[in-house]
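The values are calculated or read from the model by the stated rules, or taken from the named source; none is laboratory data. All values derive from a computational prediction rather than experimental measurement. No Cβ is skipped: glycine too gets one built from the backbone with ideal geometry, and neighbour counts run over all protein chains shown.
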Amino acid sequence: MTIIADKDRQTIQEMLDTQLAEEVELLLFTRPRSRIYVPGRKECQTCDETRELLEELVGLSDKLSLQTHDLATEPEAAAGFNVTEVPTVLVRAGRKEPDIATHGDQQSAATPPTVRFVGLPGGYEFSTLLADLVDLSKGETGLSEATREAVRAVDRPVHIQVFVTPT
Amino acid sequence: MAMENPLIVADVVEANEFQDLSERYRVMSVPKTVINDHVEFVGAQSEQMVLEAVQKAAASA
């Protein structure tokens, strides 16, 4: 059983073929279902489905790649990317250098991904994810030049959270 | 906007899956946008309005 409907698969693949320029990397932070029952442990309801969805998606284009990290076994990676919930999908334009370089006590990350999806990116959100992948790939956002200048002038951390539902 | 400035992080949060977050931010209808726990608005807004919200949130960061 696939998650992306067969009729959509071709459309998406063609869209990606024509629209994607540079490579885009997707990082998935997930927590696999525990094989034993652990009382009180909250299972991630959508982790498996998210992983399958993303695997199908990156299979549709050579320019997309997926890295999967387990929140439980890689807490440092999660902390490095400020990931606290699962599933979280981070997207960024592809980079050749390693993710995290350690210099003694300090950790520096090569341009941490700043566009993230928390929870299964299903329904309408999937279109948003695709649009983001294309924008990142092209390095263009479609914002006006004035807005872009103003945004680049922001010099303090800003955390935008948009709450959505798939329908 | 997150793509234009590495200081800006944008999360799309699935409200049904993360009830505790939805409750924390009193999400009654979607889309609801919360910036730096400080500025919020519901529904789609113009580019200019979102920019102003980001600037306002940054000013109190």
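Quick notes
- The set of residues in the stretch A:51-67 that are surrounded by fewer than 17 Cβ atoms within 10 Å (Cβ to Cβ) and not in a loop (DSSP other than H, G, I, E, B) comprises A:Glu52, A:Glu55, A:Glu56, A:Ser65, A:Leu66, A:Gln67.
- Matching residues, the stretch B:9-36, being of a type in the set (Lys, Arg) and either facing another protein chain (nearest Cβ under 8 Å) or at positive phi (or both): B:Arg26, B:Lys32
- Taking (1) surrounded by 14 or more Cβ atoms within 10 Å (Cβ to Cβ); (2) in a loop (DSSP other than H, G, I, E, B) in turn, A:Lys42 satisfies each apart from (1).
- Condition check for A:Leu26 on (1) in contact (Cβ under 8 Å) with a residue 40 or more places away in the chain; (2) within 19 Å of A:Phe117 (Cα to Cα); (3) not hydroxyl-bearing (Ser, Thr, Tyr); (4) not in a strand (DSSP E or B): one failure, at (4).
- Residue within the stretch A:104-123 that is modelled with pLDDT under 80, among the hydrophobic types (A, V, I, L, M, F, W, C) and in a loop (DSSP other than H, G, I, E, B) present: yes
- Residues located in the stretch A:152-167, provided they are in contact with a strand residue (DSSP E or B) (Cβ under 6 Å, 6 or more places away or on another chain) and either more than 7 Å from chain B (Cβ to nearest Cβ) or in a helix (DSSP H, G or I) (or both): none
- Filter result for B:Gln55 (exposed (fewer than 13 other Cβ atoms within 10 Å of the Cβ), within 9 Å of another protein chain (Cβ to nearest Cβ) and under 23 Å from A:Asp135 (Cβ atoms)): no
- Hits in the stretch A:76-103 - residues which are away from chain B (no Cβ under 12 Å), at pLDDT 90 or above and exposed (fewer than 13 other Cβ atoms within 10 Å of the Cβ): A:Glu76, A:Ala79
- Considering the stretch A:19-44, the residues that are modelled with pLDDT of 85 or more and among the aliphatic types (A, V, I, L, M) include one that is farthest from the chain's Cα centre (by Cα), namely A:Ala21.
- Residue check, A:Arg31 surrounded by 11 or more Cβ atoms within 10 Å (Cβ to Cβ), of a type outside the set (Val, Ile, Thr) and in contact with a Cys (Cβ under 7 Å, 6 or more places away or on another chain): yes
- Number of residues in the stretch B:37-52 that are assigned to a loop (DSSP other than H, G, I, E, B) and more than 9 Å from every other protein chain (Cβ to nearest Cβ): the value is 5.
- Scanning the stretch A:119-151 for residues that are within 7 Å of chain B (Cβ to nearest Cβ) and loosely packed, with under 14 Cβ neighbours inside 10 Å returns a single hit, A:Ser144.
- Residues (loosely packed, with under 13 Cβ neighbours inside 10 Å and among the hydrophobic types (A, V, I, L, M, F, W, C)) located in the stretch B:24-52: B:Met28, B:Ala44, B:Met49
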